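Worksheet for the structure shown next.
The values are calculated or read from the model by the stated rules, or taken from the named source; none is laboratory data. All of these numbers come straight from a predicted model, not from anything done at the bench. Here the Cβ positions follow ideal geometry from the backbone for every residue, glycine too, while neighbour counts run over all protein chains shown. Quick note on the areas: whole protein, heavy atoms, side chains included, nothing else; ligands and nucleic acids left out. Shrake-Rupley method; radii C 1.70, N 1.55, O 1.52, S 1.80 Å.
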Amino acid sequence: MIIQRVVLNSRPGKNGVPVAENFRLEQSTIADTVQAGQVRVKTLYLSVDPYMRCRMNEDTGSDYLRPWQLSEVADGGGIGVVEESQHHNLAKGDFVTSFTWPWQTAAILDGDSLQKLEPQLVNGRLSYFLGAAGITGLTALLGIREKGHVAAGANQTMVVSGAAGACGSLAGQIGRLEGCSRVVGIAGTDEKCSILVQEMGFDAAINYKKGDVAKRLRELCPGGVDVYFDNVGGDISDTVISQMNQNSHIILCGQISQYNKDVPYPPPLPPDTEKIQKERNITRERFLVLNYMDKQEASVLQLCQWIQEGKLKVRETVVEGIASMGAAFQSMMNGGNIGKQIVSISK
């Protein structure tokens, strides 16, 4: 069977900026027969995510991320429909997902590696299982619950950097739902800031490319910052940390400003910022959602309930066609989109 697939064409280098040309679309084939325990799937949606930047390096800097290999098919979060099954728990027509879905139009996969999906949980929006009801939503929810120490009625202020991104836009809303009394986002355009406030319920948002971020934070968070959902690292995080309260908490989700730099993860703080962290007893612990998969099922059901109730607003940027994977990846890394970046393969 002839398929199309996307392979890693070149590496941007440890300190390079990824471009669409780092990926290559090519034709390939898969077997015509499905063996016992396997299923043949048609790919419907593929996800592009910031962590994938690390997989473009020969050394990902992480013991849980496998590097993509040159001229081999890339992979990540994906959703598809079963077209033929030799697996006891999966039937033709079932919708399935995996964290390691190959970037190709169809595939033969081990049925045990797939999770069956129930479309009605997300009002039929299957792509949500790659975002708000998937690993992105889990990262936001479990990050806040496990590392944020949010308590209803405690009058806590949360700041979210990268707030218009896939995870940040959910984290601010979840912070509110979990009990924060004030949520402030930091994003890169006036349009993004407007959407955060008007659509997603943030109390305020700061365009970090305009004006004095430290001054705006003091104005918008007069009582200081109690919880910081950190998606970016770098100068913005140093600024937020300087205004955090005693015994406050950093949820170390991502450091996208550092992903194109040859630095360890999590990157060390500058001496002055590290001094503030220690003096104020601010927690800053690495958070990895995969360590909390025992809470996955209940957490996904909570996310789906919020979506169904309209309490969790979801933004997606959907790009059509597998030929768009490289461009979608470049756009995501440049921060040009609001919410989750999805590539639809079915059309």
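Just a few scattered comments:
- Set SER62, SER47, SER98: member being in contact with a Ser or Thr (Cβ under 6 Å, 6 or more places away or on another chain), surrounded by 13 or more Cβ atoms within 10 Å (Cβ to Cβ) and not basic (Lys, Arg): SER98
- Residue in region 84-94 that is buried (at least 16 other Cβ atoms within 10 Å of the Cβ) and touching a residue at least 60 places away in the same chain (Cβ under 8 Å) present: no
- ALA298 without any contact (Cβ under 8 Å) to a residue 12 or more places away in the chain and of a type in the set (A, V, I, L, M): yes
- Identity of the residue in region 12-41, in contact with an Asp or Glu (Cβ under 7 Å, 6 or more places away or on another chain) and either exposed (fewer than 15 other Cβ atoms within 10 Å of the Cβ) or on the phi > 0 side of the Ramachandran plot (or both), that ends up modelled with the highest pLDDT: GLY37
- Across region 119-162, the number of residues qualifying as under 23 Å from ALA187 (Cα atoms), assigned to a helix (DSSP H, G or I) and open to solvent by less than 40 Å² (accessible area, probe 1.4 Å) comes to 13.
- Residue satisfying all of: in region 50-59; buried (at least 16 other Cβ atoms within 10 Å of the Cβ) and without any contact (Cβ under 8 Å) to a residue 60 or more places away in the chain; farthest from the chain's Cα centre (by Cα) among these: ASN57
- The residue that is most open to solvent (accessible area, probe 1.4 Å), counting only those in region 196-236 that are polar (S, T, N, Q) and either over 23 Å from MET333 (Cβ atoms) or modelled with pLDDT under 95 (or both), is GLN198.
- Exactly one residue among ILE276, ILE307 is open to solvent by 20 Å² or more (accessible area, probe 1.4 Å) and at pLDDT 95 or above, and that residue is ILE276.
- Positions within region 163-180 being in contact with a strand residue (DSSP E or B) (Cβ under 7 Å, 6 or more places away or on another chain) and open to solvent by 10 Å² or more (accessible area, probe 1.4 Å), in sequence order: ALA166, ARG176
- Flag for PRO270 being modelled with pLDDT under 95 and touching a Leu at 6+ places or on another chain (Cβ under 9 Å): no
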